[in-house]
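Q: The structure that follows is given in the form of structure tokens.
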Amino acid sequence: MTEKMYFIVNPKAQNAQSLAVWNRVKVILDEEKADYDFYLTDYPMHASVLAKEILDKHDSACIIAIGGDGTAHEVANGVAEYPNATFSYIGAGSGNDFCRGAQIPMNPIEAIRFIRNKNRPVKKIDIGEYETDHKGYFLSSMGMGIDADVTAEVNDSPLKAFFNKVKLGKLAYLYTFFKSIATYKFPNMKVTIDGITKDYKKVWIVNIANQKYFGGGIPISPNARMDNGVFHVLIVHSYSRLSIFFMFFSIIWAGHIRLKNCDYVTGQKIQIESDVNKVIHADGEIVGAGKLQLRILPKQLNVICDL
């Protein structure tokens, strides 16, 4: 391929193991005399700033994120408003759920060969537009409840660095999830989906999915796709602290969507209000608290993927 590519690399992802991934990719690019530029991020949301700066000069550029799902989230927020741009992702984090959902190879060498293939598939995927105390976009999922609480705690914890160092990053989330069950403060939530409002008591999770994977490969919304024009919404409520263990394990084989008190519905416009100021995550990044509204943007983003 002769097309120039722009790589945005998060050097801190997975305890800087993303740099090792980038160096492996760079060897391939240099061997094949590829035309490319690369940029390293310095601070939160810097990837979004870099993507916009590139696209202000080259509005049809191909931009590749290298890092975790948070890096993909940031780059997508920079690319989302440029309809001629193309986006893809090489997973170098602990979860890499966007790779799974978009069917991009998990191995970085296979991923760069897939992305550079002259016959590569470019698909238009749906993304979400959200509003908390600010506006933004998300690729894979948003949530409010124990999943977001755990994400916030892990992101600020040395446990994540330790588990990433021994290449067991997912265990930080599992450990914190099970630890948090005993102390989780239950909110009541008002959830409006396409104009229909329901009140929920003792809410554990509200997860809005654009693809099926969450938390490093957990199929939390097994029927969700990035190209079907709807979100899949999972609302887990009214479980005791003991019974939530059994519900959680049923997610592994997607049995949870048939359980009582696991509402699983689809929609395009969603509003959530919590009576407790619960944090909100988007693609694993904390983006607000307490109140959320979002809508789907069908076929918004050009992505090199194999949906």
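Q: Rounded to whole Å, give me the distance from the Cα center of the range 224-255 to that of the range 258-281.
A: Answer, in whole Å: 11.
Q: Going by amide H atoms built from the backbone, whose H comes under 5 Å of the H on THR266, apart from near neighbours?
A: VAL233
Q: Next question, about the same structure. At HIS58 and LEU297, where each label point lies 7 Å from the Cα along Cα→Cβ, what is the point-to-point distance in nanometres?
A: Modelled inter-label distance: 2.2 nm.
Q: Per 0.36 nm of contour for each residue apart, how much would the distance between TYR175 and MET106 grow if the chain were fully extended, relative to their Cα-Cα spacing?
A: Working: separation 69, 0.36 × 69 = 24.84 nm, distance 2.43 nm.
Between TYR175 and MET106, full extension yields 22.4 nm more.
Q: Rounded to a whole number of µm²/s, how large is the Stokes-Einstein D of the range 135-301 at 4 °C and 1.567 mPa s, given Rh as the Kirkwood radius over C-alpha pairs?
A: Value of D from the Cα-based Kirkwood radius: 80 µm²/s.
Q: Go through the range 1-97 and name the trypsin sites (Lys or Arg not before Pro) that are in a DSSP coil and have 14 or fewer other Cβ atoms within 10 Å of their Cβ.
A: Working: sites: LYS4, LYS12, ARG24, LYS26, LYS33, LYS52, LYS57; in loops: LYS4, LYS12, LYS33.
Sparse-neighbourhood loop trypsin sites (Lys or Arg not before Pro): LYS4, LYS33.
Q: Another question about this same structure. Under the definition of Cα pairs under 8 Å and six or more residues apart, what whole-number percent is the relative contact order of the chain? Don't jump to the answer; show the numbers that get you there.
A: Numbers: 700 pairs, mean separation 66.0, N = 307.
RCO, the chain: 22 percent.
Q: Given the C-alpha atoms of the chain, compute the convex hull and give its volume per residue in Å³. Working shown, then result.
A: Working: hull volume 36.3 nm³, N = 307.
Enclosed volume per residue, from the Cα hull, is 118 Å³.
Q: Test of understanding: extend the Cα→C-beta vector of LYS124 to 7 Å, then name every residue of the range 276-307 with backbone N under 13 Å from that spot.
A: Answer for this model: 297-303.
Q: Now for a different question. Exactly which trypsin sites (Lys or Arg not before Pro) in the range 96-154 are in a DSSP loop and have at most 16 other Cβ atoms within 10 Å? Could you put the intermediate results ahead of the total?
A: Numbers: sites: ARG100, ARG113, ARG116, LYS118, LYS123, LYS124, LYS135; in loops: LYS118.
Hits after loop and neighbour filter: LYS118.
Q: Here's a follow-up. Report for the chain the percent antiparallel among DSSP-assigned beta bridges with both residues inside it, nearest 5.
A: On the way: 54 of 72 bridges.
Within the chain, antiparallel bridges account for around 75 percent of the total.
Q: Once you sort the root eigenvalues of the Cα gyration tensor of the range 5-120 as a ≥ b ≥ c, which label holds: rounded (a/c under 1.5), prolate (a/b larger than b/c) or oblate (the other case)? List each step's numbers first, then the result.
A: On the way: a/c = 1.32, a/b = 1.08, b/c = 1.22.
Because its axes are fairly even, with a/c under 1.5, the range 5-120 counts as rounded.
Q: Follow-up. What is the distance in Å between the Cα centroid of the range 63-83 and that of the range 12-46?
A: If we compute the Cα centre of each part, the gap is 14 Å.
Coordinate-derived values only; no laboratory data. Nothing here was measured: the structure is a model prediction, and the numbers come from that model. Ideal geometry is used to build each Cβ from the backbone, glycine not excepted, and the neighbour counts take in all protein chains shown.
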